[in-house]
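Just below is one structure, and these are the notes that go with it.
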Amino acid sequence: MADADLEEACLSTLACIRQARLAQLKQQSGANDDSSEQEQKQDAEAAARQNILNQILTPDAADRLGRIRLVKASRANDVEARLISLARSGQIRQKVTETELKGFLEKVAESEEKQKGGKIEVVRRGGGSWDDDDDLEALLDD
């Protein structure tokens, strides 16, 4: 009989622990609902983008775009956005090949260069002036 009472006590304790843990998980998920909704929305957008890209890119072109993403994600995102907008406007009627994607990438690179101006800008740190050497020479002459 003592074993049965002990077993019943353990089961009730285990049930209490499970209920407490379940309540804790529900509370945590309630706090994370906003972030999980946002994550779900981002996942849905990414899936929609991927679906469109699968429809308009050949496998070779999709592979090249994936490799570009590994090197420079911002450029890949820019190219994807432009391709999707062209597809939605009806300007892309057949699948984009790897060769066409290369040409498209060259145009994107040229437009980025034009936006940057292709100039090198030298930014000097503040705090020092060019006549610091003169002050040093004056100290050494003394």
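Table: residues versus (1) under 23 Å from the mean Cα position of the chain (by Cα); (2) within 15 Å of Ile68 (Cβ to Cβ).
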site	(1), (2)
Ile84	yes, no
Lys95	no, no
Val108	yes, yes
Gly117	no, no
Glu121	no, no
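Sub-7 Å Cβ pairs linking a first residue in region 87-103 that is touching a residue at least 12 places away in the same chain (Cβ under 8 Å) and among the charged types (D, E, K, R) to a second residue that is surrounded by 14 or more Cβ atoms within 10 Å (Cβ to Cβ) and not in a helix (DSSP H, G or I), at least 6 apart or interchain, are Lys95/Leu57; Lys95/Thr58; Glu98/Thr58, ordered by first then second residue. Of the numbered criteria (1) at pLDDT 90 or above; (2) out of contact with any Ser or Thr (no Cβ under 7 Å at 6 or more places or on another chain), the one Asp132 fails is (1). In region 59-67 there is no residue matching the filter, namely being surrounded by 10 or more Cβ atoms within 10 Å (Cβ to Cβ), modelled with pLDDT under 90, among the small types (Gly, Ala, Ser) and over 18 Å from the mean Cα position of the chain (by Cα).
Scanning region 70-92 for residues that are at pLDDT below 85 and in contact with a helix residue (DSSP H, G or I) (Cβ under 9 Å, 6 or more places away or on another chain) turns up nothing.
The values are calculated or read from the model by the stated rules, or taken from the named source; none is laboratory data. All values derive from a computational prediction rather than experimental measurement. As a convention, Cβ positions derive from the backbone with ideal geometry for all residues, glycine included, and neighbour counts pool all protein chains shown.
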